[in-house]
Amino acid sequence: MNQPHNIPATLPDEPYPSVAREGWPIVGAFILGAAVLSRLCVWIVGPVGWLMVIPTGLLSLWAIWFFRDPPRRIPADPDAVICPADGVISFVGPSRPPAELGIDEPTAAAMTRISVFMNVFNVHVNRSPVSGVVAAANYRPGKFFNASFDKASEQNERSSLLFRLADGRVLACVQIAGLIARRIVCRAKPGDQYRAGQRFGLIRFGSRVDVYLPGGVEPRVRIGERVTAGETIFAFLQSPQAVPSASPQLTEAR
């Protein structure tokens, strides 16, 4: 059993643009398209064509809003596993992480998966759930089922990260493309050091992020709960005294 934790203090977020950098080209394209279409309508129908500014301007504002990246108050407790994505919890239960991460069978079989479903209204910037070193990173093409379906974990396009914690245990975080989302952005690479709550990528437009907790770590969220990236606490890691002396071993990635 994990030891009880008090509500932790929070840390300020790192400085970052209010619109995610990955969205700048798309936002720019919307704004340019709005200007061109409006000018074209004026050329075709006269001054009334400027009314086109209204719908195209609204679309441009939507693009800016979609790629928003608000600062978050990150829990300061180093034992906290932090939510990586805004959305709703769609699954909590035992599950093996993607095989391509090369986690040995006993370690993988003991893990618990927490899935966060993001719709088009959520912030889509993804954050590291823990502080640790990226031990493995793998991209796998796949299908585009609705990300709320459980089979999306196995069959959809995904980008998987394996974090090695300071005590030797591992935790997996997987970005999964959805029915509409066709672009996963993951900046993390093997060997990178991340702190909990730090941004590592995003997914366009409606998708899912899975976190695989180490064995023995109990989730403190439930299905249907609304969660916030960088703020909601998924679980608390066990104290070092409760961690087995033998660290999990990585097998050769398949």
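The values are calculated or read from the model by the stated rules, or taken from the named source; none is laboratory data. These numbers come from a predicted model, not from an experiment. Virtual Cβ from ideal backbone geometry, glycine too; neighbours counted across all protein chains shown. Surface areas here come from the heavy atoms of the whole protein model, side chains and all, with no ligands, DNA or RNA. Shrake-Rupley method; radii C 1.70, N 1.55, O 1.52, S 1.80 Å.
Data for the structure
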quantity: Odd one out for F30 among (1) modelled with pLDDT under 85; (2) surrounded by 16 or more Cβ atoms within 10 Å (Cβ to Cβ); (3) closer than 21 Å to V185 by Cβ; calculated: (1)
quantity: Candidates A20, A9 - the one that is open to solvent by 10 Å² or more (accessible area, probe 1.4 Å), at pLDDT below 95 and not basic (K, R); calculated: A9
quantity: Lone unmet requirement of (1) at pLDDT 95 or above; (2) open to solvent by 20 Å² or more (accessible area, probe 1.4 Å) for A166; calculated: (1)
quantity: Unique match (being modelled with pLDDT of 95 or more and in contact with a helix residue (DSSP H, G or I) (Cβ under 8 Å, 6 or more places away or on another chain)) among R140, R113, R127; calculated: R113
quantity: Matching residues in segment 194-219 - criterion: being open to solvent by 20 Å² or more (accessible area, probe 1.4 Å) and either touching a Leu at 6+ places or on another chain (Cβ under 8 Å) or among the basic types (K, R) (or both); calculated: R195, R204, P219
quantity: Pick from segment 117-129, criterion of a type in the set (A, V, I, L, M, F, W, C) and over 12 Å from the mean Cα position of the chain (by Cα), ranking: most open to solvent (accessible area, probe 1.4 Å); calculated: F121
quantity: Meets criteria (free of Cβ contacts under 8 Å to residues at least 40 places away in the same chain and either open to solvent by 50 Å² or more (accessible area, probe 1.4 Å) or not polar (S, T, N, Q) (or both)) for G93; calculated: yes
quantity: Pairs, first within 19 Å of A85 (Cα to Cα) in segment 57-70, second open to solvent by less than 90 Å² (accessible area, probe 1.4 Å) and in a strand (DSSP E or B), C-beta under 7 Å, six or more apart; calculated: I64/V19; F67/V19; R68/V19; D69/V19; D69/V125
quantity: Some residue of segment 76-93 being outside any helix (DSSP H, G or I), modelled with pLDDT under 95 and among the charged types (D, E, K, R); calculated: yes
quantity: Pair list, Cβ under 7 Å, 6 or more apart: segment 16-38 residue among the charged types (D, E, K, R), other residue open to solvent by less than 30 Å² (accessible area, probe 1.4 Å); calculated: E22/V185; E22/L202
quantity: Among residues of segment 56-75, those that are open to solvent by 50 Å² or more (accessible area, probe 1.4 Å) and either part of a loop (DSSP other than H, G, I, E, B) or within 24 Å of V36 (Cα to Cα) (or both), counted; calculated: 8
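Conditions (1) in contact with a helix residue (DSSP H, G or I) (Cβ under 9 Å, 6 or more places away or on another chain); (2) more than 30 Å from Q238 (Cβ to Cβ), marked per residue:
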{"residue": "S38", "(1), (2)": "yes, yes"}
{"residue": "C41", "(1), (2)": "yes, yes"}
{"residue": "I44", "(1), (2)": "no, yes"}
{"residue": "G49", "(1), (2)": "yes, yes"}
{"residue": "P78", "(1), (2)": "no, no"}
{"residue": "V81", "(1), (2)": "no, no"}
{"residue": "F91", "(1), (2)": "yes, no"}
{"residue": "P94", "(1), (2)": "yes, no"}
